[in-house]
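A short reminder: the numbers here are calculations on the coordinates, not readings from a lab. The structure presented is a predicted model; accordingly, all values stated were derived computationally and were not measured.
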Amino acid sequence: MEETKIVPTVGRIVLFKMSEERTFPAIITQVTPETGMIELHIFGTVHEPIRYGVAEGEMVGQWSWMPFQKDQQKRAELMAEKIAEENASDVEVSDEEVLADEANEEKESEEAVTGEQIIAEQEKSDGEVVAENQTAQEEVIAENQPVADGDAAAPAQDEVRGPIL
């Protein structure tokens, strides 16, 4: 894995190497992105508490991130890689699922009844019901017709009503 790169920002705490034996904490007071140099306010020293144009590194007169900051950045990068890998595998599965869904939809559309077929079936069914009702009504009327010679008595009231539709 390549070396971790942390972007310096104003207000962050870093270490400034004053000599081979002495390292002091410092706060970033200004960042110059074009040059990669920063300004530092160094704590714990009476001499030169402010340094201008300080480069990042491990040599005397340079600044560096504290070890825990480097570790945090590495963990964050590892987590980002892990999430990216999981998302990539989710996308691959999703692509396979999409292809399977499209195949199922095509199959269902081939087997599906069209709207015109549904309407035709409905009209046929409605026509059959109307014909059955008409036949039943004709039967009731025929049953309730008076006999031609007039000898038959009028049908009872219940017989006149016929079936309830």
### Message
What number results when the radius of gyration of segment 13-65, computed over Cα atoms, is divided by 2.2 N^0.38 Å?
### Response
1.00
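Subtract the Cα-Cα distance of GLN62 and LYS82 from 0.36 nm times their separation in residues, and report this length gain in nm to one decimal.
On the way: separation 20, 0.36 × 20 = 7.20 nm, distance 3.35 nm.
Additional length available on full extension: 3.9 nm.
Between VAL7 and GLU132, what is 0.36 nm times their sequence separation minus the Cα-Cα distance? Round to one decimal in nm. Spell out each step's value before the answer.
Working: separation 125, 0.36 × 125 = 45.00 nm, distance 8.57 nm.
In short, 36.4 nm is gained.
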### Task
Compute the relative contact order of segment 13-65 as a whole-number percentage, counting only Cα pairs closer than 8 Å that sit 6 or more residues apart in sequence.
36
